[in-house]
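All remarks here apply to the structure that follows.
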Amino acid sequence: MKKLPTVAIIGQTNAGKSSLFNRISRSRRAIVAREEGTTRDNVMTRVEHAGSAFWLVDTAGLKDPEDDFEATIQQQIEEASLAADLILVATDSTKYPDQSDRDIAKKALKSQKPVILALNKVDLKDSLSRDEFLRLGIKDIVEVSAEHGTGISKLLDHIAAEIPRVKAAESENVLKIALIGRPNVGKSSLFNTLAKKQQAVVANLSGTTRDLNRVEIRYQGQAIEIIDTAGVRRPGKQAVGIEKFSVLRTMQAIEEADICLLLVDSNETHAQFDQKLAGIINEVGKGLVVALTKWDTIDSADIAKVDEIRAGINYDFKFVPFAPLVFTSSVSGKNVAKLLDLALQIADQRQKEVKTSDLNRALRAAVAAHPPAGLKNTFPKLRYIVQTDTAPPWFVIYGSHLKFLHWSYKRYLERTMRETFGFEGTPIKFSFREEKKNGRVKERDDR
């Protein structure tokens, strides 16, 4: 797996950064208003264009740090610029560049990262010539209108041409494991135990880890890179400033990892945000292990208590029944090695390829045992299945009237595939393709 590059949008307030973000990401996730300084936090989204993918980050507008709050925003932008692989400077083309614009350009160029200047609002009649902005020193200039979409495709072409590519030498067989979870759940302690060295700072204060700590080990002959992430609070609990940016880094870690260890505090097992993180990991198709941490604080002799915790976890994470549950303790070392054993097993399951004949035998048996229900005398017909990808395993089912296939039947098919072929610890994905009488195929994805 390769890490997705990051593109950070910076610029003065009211330069149209959030509008540009929304236009590029084809969404309305950033707040857009006429007042300056509306955007107070980093907003991020994944963007794909011309075969390239990257994280796009919208930042608060650059302005003088008049108070602690503004200083924190400045620090946030500094973080974004440092972590970004490309910096996109948004400028209002209707205003002559001033000292703030020059400072922003200088800051961006000083980072030694590729820099693109997006001249926004070029659709307005008082828009200035691009020659007026050459003095900023940024050579790559693209004229755009975030409001009307002018120049956005060209801007994306420029970004795709500049973001880093992974060299062939970097695609070596390294299994990447990310430690994911809320603050103070024990990620850094487990990281240290797994790495057998004190590379991460361990403290009782929540949120000590602000960046991605990494260490590479060898286990059972396999090279494994362990990634420790900053804790992620639910959005309403996130502090303004660099903690917001730690969320981006956590999402990057999930994207980069092959397998995620979702750490859940044994003393706080019913946090809805743990379930949300599991849903994100499942959605992007990564291997998943639910690891209950701090098991040394639980009286394991209390069978009723242990059964209660296990039942609660199984209920809370019933939407990812494929994820193994492990009770761990970094203090005692309980089941720490088991996490690595599971990771190796899941890595094998994610690469498993099943013969088409075996798949279709299982599909026919599943349909014979439980035919799909229909609607108004129209019944879905499942004709055959093929596997099209691995990591995660992906299957395509061909048939007719598949729009009537109920979600519960798709779950049934997934259970059948798992009971027959395994796939422990990894999501499996399905696409459904409607066969037409003229031979054409219409695809329906169930991700």
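The values are calculated or read from the model by the stated rules, or taken from the named source; none is laboratory data. Remember, predicted model here, so these are calculated numbers, not experimental data. Note that each Cβ is placed from the backbone with ideal geometry, even for glycine, and that neighbours are counted across all protein chains shown.
Residue 179: at pLDDT 90 or above and under 22 Å from the mean Cα position of the chain (by Cα), yes or no?
yes
Residue pairs, Cβ under 7 Å, 6 or more apart or interchain, first in the range 350-377 and in the same structural domain as residue 406 (by TED's automatic domain parsing) and on the phi < 0 side of the Ramachandran plot, second of a type in the set (Val, Ile, Thr) and assigned to a helix (DSSP H, G or I). List them.
Listed pairs, sorted by first residue: 362/416; 362/420; 366/416.
Considering only the range 304-349, state which residues are hydrophobic (A, V, I, L, M, F, W, C), within 24 Å of residue 418 (Cα to Cα) and either in a helix (DSSP H, G or I) or free of Cβ contacts under 8 Å to residues at least 12 places away in the same chain (or both).
Across the range 304-349, the qualifying residues are 311, 313, 339, 340, 342, 343, 344, 346, 347.
State the number of residues belonging to the range 302-321 that are surrounded by 14 or more Cβ atoms within 10 Å (Cβ to Cβ) and either out of contact with any helix residue (DSSP H, G or I) (no Cβ under 7 Å at 6 or more places or on another chain) or more than 16 Å from residue 292 (Cα to Cα) (or both).
Within the range 302-321, residues that are surrounded by 14 or more Cβ atoms within 10 Å (Cβ to Cβ) and either out of contact with any helix residue (DSSP H, G or I) (no Cβ under 7 Å at 6 or more places or on another chain) or more than 16 Å from residue 292 (Cα to Cα) (or both) number 4.
Just checking, how many residues over the range 251-301 are farther than 27 Å from residue 83 by Cβ, surrounded by fewer than 20 Cβ atoms within 10 Å (Cβ to Cβ) and of a type in the set (Val, Ile, Thr)?
3
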